[in-house]
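Quick notes on the structure that follows.
The values are calculated or read from the model by the stated rules, or taken from the named source; none is laboratory data. Computed from a predicted model, the values in this text were never measured in an experiment. Glycine gets a Cβ as well: all are built from the backbone with ideal geometry, and neighbour counts include every protein chain shown. The protein model used for the area step is the full one, side chains on, heavy atoms only, and it has no ligands, DNA or RNA in it. Shrake-Rupley method; radii C 1.70, N 1.55, O 1.52, S 1.80 Å.
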Amino acid sequence: MLRGVFVTTPRTVVITGASAGIGRATARLFGAHGDKVGLLARGSAGLDGAAKDVQNAGGQALAIPTDVADHEAVEAAADEVERTFGPIDVWINVAFTSVFAPFHEITAEEFRRVTEVSYLGFVHGTMAALRRMRERDAGTIVQVGSALGARSIPLQSAYCGAKHAINGFTESVRTELMHDHSNIRITVVQMPAVNTPQFGWVLSRLPRHPQPVPPIYQPEIAGRAVVFAAEHPQRKQYWVGASTAATILGQRLMPALLDRYLAKTGYSSQQTDQPVSPGRPFNLWEPRDDDAGGDHGAHGIFDDRAIGSAPQPWLSQHRRALTGVGAAAVTGALALRRLR
């Protein structure tokens, strides 16, 4: 058995943000492996739907309404999972929220809330996992990151700040585990734009409906990458999608050019052509699935534009060999755009 990899089933898995999007798709995949899955999120309708998905796929499910911004609630949820299913083998942090608005239009309270959920929620989850895994010197933690944790874009300052913070925090924890010669593994999966329900309930002060920056990927692609990372956690990062690779490599090669490019395109690329009411409901403070038509599932409203397949596992395993090719491609593309 590889160090830090749990290949026997059923495993005990905890997923935060499990009621929709990437967390929901990931839960279904672990269920298909016959695993026992603890599902953490705020909305009961989405949690109930996720539990049915896991059970229908062949796994066992335990839905626990939890706000990851509340450290004590996360600890209580971890205790309940272990009482029900036994020691936690894999912990996956996914839960987040966001605000789509220029920074000067975001209040201090809103910025704090995004940070508490999208960054401190990962801290709380990692604390809860490590507190239990360290007793056994075994386990895997997967952080669901974003290309925006390497290259920030306009209109999402709070979310981008949280994703940057996750990378720095995780690197520190990883080196501490290495110092202790621990068998616990922690890895990050950097995601592209994904077709999740969040764009229908995110707090937005934009004049038109928010959207992920194309190209858009389906959540099942992200979910498969998370499962792969959980089973192969020796690598510190995995990149999902060509757009993630291009974003991270472009930031390394020519960040100033990306500044100018995003200043010109970042506003329009995050909005559709459909106007929205400035008073539409949002989920920053309370979940939206219970009062907005019930369970929304894993997918958002962009199915007709989303990419349904990607060679992610192979690319992840062979990323070192492909980095040089990708860097050359990014450099050429950006240079061509600059000339145009």
Cα→Cβ-extended label distance, 7 Å offset, between R112 and E286, nm | 2.0 nm
P(r) for region 33-75: what percent of alpha-carbon pairs falls in each 10 Å bin, starting at zero?
-> 33, 46, 20, 1
Highest mean packing first, using Cβ neighbours within 10 angstrom, the peptides 57-64, 26-33 sort as 26-33, 57-64
Burial ranking of peptide ranges 269-275, 109-115, 66-72 (average Cβ count within 10 Å, highest at the top) | 66-72, 109-115, 269-275
Mean accessible area per residue over region 1-141 (1.4 angstrom probe, all protein chains present, square angstrom) is 38 Å²
Would you please put 188-198, 213-223, 126-136, 160-170 in order of how densely packed they are, using the mean number of other Cβ atoms within 10 angstrom per residue and starting with the highest?
-> 188-198, 213-223, 160-170, 126-136
For region 12-309, the dipole about the Cα centre with charges only on Cβ (Lys and Arg +1, Asp and Glu -1), to the nearest 20 debye, works out at 980 debye
The chain: antiparallel bridges as % of DSSP beta bridges, rounded to 5, reads 5 percent
For the chain, modelled as a GNM with alpha-carbon contacts under 10 angstrom, which of G43, G241, G86 fluctuates the most?
-> G86
Expressed as a percent, the accessible surface of the chain that is carbon or sulfur, using a 1.4 Å probe and the full set of protein chains, is 56 percent
Evaluated at 10 °C and 1.306 mPa s, the Stokes-Einstein D of region 12-309 based on the Kirkwood radius over Cα pairs, in µm²/s, stands at 83 µm²/s
Between the residues P233, A128, I184, the Cα farthest towards the positive end of the dipole of the chain, that dipole coming from +1 and -1 charges on the beta-carbon of Lys, Arg, Asp and Glu, is from P233
